[in-house]
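Down below is the structure, laid out as structure tokens.
The values are calculated or read from the model by the stated rules, or taken from the named source; none is laboratory data. Values in this document were obtained by computation on a predicted structure and should not be read as measured data. Virtual Cβ from ideal backbone geometry, glycine too; neighbours counted across all protein chains shown. Surface accessibility is based on the protein's heavy atoms, side chains included, excluding ligands, DNA and RNA. Shrake-Rupley method; radii C 1.70, N 1.55, O 1.52, S 1.80 Å.
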Amino acid sequence: MGVIEVRSMNTANLRVVTENSISYELQDYFTFDVPGAKYSPAYKRRVWDGKIKLYNAFSGLLPAGLMDYVATFARDRGYEVLVDSLVAQPEIKFDCERVRQFIRSLNPTASGQPLEPHDHQVDAVCHAMNQSRCVLLSPTASGKSLAIYSLCRHYQNTIAPNRKILIVVPTISLVAQMYADFKDYSSTTKWNAEKNCHRITAGEAKLTDKQIVISTWQSIYKLPRAWFDNFEVVIGDEAHLFKAQSLNSIMNKLIDCPYRMALTGTLDGSKIHKLAIEGMFGPVHRVITTKELMDRNLLTALRIECIMLRYPPDVRKIVCGLDYHGEIEWLIGCEKRNEFIAHLASATRGNTLVLFNYVEKHGKPLYELIKKTTENMENRKVFFVAGETELEQREGIRSIVEKEENAIIVASYGTFSTGINIKSLKNIIFASPSKSRIRVLQSIGRQLRKCDGKHIAKLYDLADDLHHNENLNYTLKHFLKRIRIYESEQFRYKLIKMPIEMRIKRPKKEEIK
């Protein structure tokens, strides 16, 4: 019988010691094809095989969060596993009732009103406390920030005063929002967010005496390893974005950080994505689903209207022959399509978010068109948000919209599809096509938070039928993938076919390069 010995190298990595044949077998087990790799320049130049290896047979190094997979690998093949005592799972110390009482003792509030933790929030905090390493999979608007706040308060009571807690978020907007949430939760208590929390964004001081540090990964990934030595706890918010090499670099610098938790509402469905995140943090624990939250009346009911724009045959014949980029260029420049989006946005009731991909080519023209369409409407303010919009301005727009009843925000997916909290948002329009499970579900999550007077949240999903004969155009295929996402999440939707009358406009060669 083969033997696999697993030793703790540090809190980021394990070292596997075994015979060569088993080691290479294990390397194959942890080798995965990267989705979309064939489109990578490195793959096309044949300098990369399009695969990711999570275990290196030469060094024997394995991300510490993948220990359970080693056990499964060994069991399925009849190998024996010898585990270092430092790798062993912690003992269960907390039950849900004890955790519920702890959260209540913090006296959390929302806008000054007492906040009672829901069962799924208690479950999330309890699981994290007991496991020390985990990924909490819980939908957008399920109250993950309260779980993070509760965990921070718990670890402040248990770790040494000179040890710190690092919260990593993907955007500067989320740094501000996380801090604002902590301030709101503690508004009626003696615990002070300003005294306990340090915020890091580009240009901000990296050194602090405060125990909780909230930072974007972009602001710290180049810092030397010594900067990370004082952190005993790391919490990754919106962990579905934790797949860039720079984020992996952060986690590998935290070599003396035993408590690792990540939270996300969505994973992209690929095994490599799931294992890469688990390697950094620990096994995934599903807390609750969006459908369950809706059934418990904790989220707003969702209505999806899929509007299929049907183009004339002569248009379909031309556009269906374009490559993907050519089709996208044609769509975002299509006057009739943009006019339809502008009229749809102006016809909605309540606060509406229009999401786009391309700032200069699509977002700004849409913004101007929607402003023109709504210029004679009373109390219909229109805002624009993209990556170039300053943090203070973004937060100002978010605050204004929370107080508005009929505003329109034209925003890029990158700035408003993840993490941004606008409770009063009633409508979302997908102005740009996407097939990303993460982007779709995160975008939907923007509008599901409960709010007085909001009983139904509406998503308008625009699909473009440009098929010719038996050939489906690219964005129509993407729409079919979104339908499968809705079905897998048990979201109800209806299909509305809308003909667009237009004359053919052939794209110029320079427009489709």
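Dividing the Cα radius of gyration of region 299-374 by its Kirkwood radius returns 1.01 for Rg/Rh.
Both the radius of gyration and Dmax for region 154-312 are 18.4, 69 Å, in that order, over alpha-carbon atoms. When the Kirkwood hydrodynamic radius is evaluated over all pairs of different C-alpha atoms of region 97-170, what value in angstrom, to one decimal, is obtained? Taking every pair of different Cα atoms in region 97-170, averaging 1/r and inverting gives 13.2 Å. Pairwise Cα distances in region 82-239 exceed 25 Å for 30 percent of all pairs.
With the cut-off at 22 Å, report for region 1-132 the share of all Cα pairs above it, as a whole percent. Roughly 57 percent, rounded to a whole number. Taking every protein chain into account, the accessible area of region 318-450 amounts to 41 square angstrom per residue (probe 1.4 Å).
Pairs of Cα atoms nearer than 8 Å and 6+ residues apart set the relative contact order; for the chain it is 15 percent. By the gyration tensor of its Cα atoms, with a ≥ b ≥ c the square roots of the eigenvalues, what is the shape of region 252-329: rounded for a/c under 1.5, prolate for a/b over b/c, or oblate? In terms of gyration-tensor shape, oblate. Every Cα-Cα pair of region 59-144 was included, and the share exceeding 17 Å stands at 63 percent. Computed from the C-beta positions of R7 and S399 and an R0 of 56 Å, the FRET efficiency is 0.65 to the nearest 0.05.
Its Kirkwood hydrodynamic radius, worked out from the mean inverse distance over all distinct Cα pairs, puts the chain at 24.9 Å.
For the pair D84 and S40, a Förster radius of 41 Å applied to the C-beta separation gives a FRET efficiency near 0.65, rounded to the nearest 0.05.
Spatially, region 168-199 and region 390-413 are offset by 20 Å when compared through their Cα centroids. The charge dipole of region 281-365, taken about its Cα centre with unit charges on the Cβ atoms of Lys, Arg (+1), Asp and Glu (-1) only, comes to about 280 debye.
The calculated FRET efficiency for A202 paired with K481, based on their beta-carbon distance and R0 = 56 Å, is about 0.95.
Cross-link partners of K195 among lysines, defined as those whose alpha carbon lies under 19 angstrom from its own and excluding same-chain residues fewer than eight positions apart: K164, K183, K206, K210. With protein chains left intact and a 1.4 Å probe, residues in region 1-150 average 52 Å² of accessible area per residue.
Express in whole angstrom the spacing between the alpha-carbon centres of region 25-102 and region 261-294. About 15 Å separates the Cα centre of region 25-102 from the one of region 261-294. Excluding same-chain neighbours fewer than eight residues apart, the aspartates and glutamates reachable from K274 by a Cα-Cα span under 16 Å are D33, D68, D237, E238. Taking other residues whose beta carbon is less than 12 angstrom from the beta carbon of L466, and scoring Lys, Arg as +1 and Asp, Glu as -1, yields +1. Pairs over the 22 Å Cα-Cα cut-off, from the set K93/K190; K38/K481; K271/K481: K93/K190.
Label-to-label distance for I496 and N376 is 2.3 nm, based on points extended 7 Å past Cα in the beta-carbon direction.
Of the accessible area of the chain, computed with a 1.4 Å probe over protein heavy atoms only, carbon and sulfur atoms account for 49 percent.
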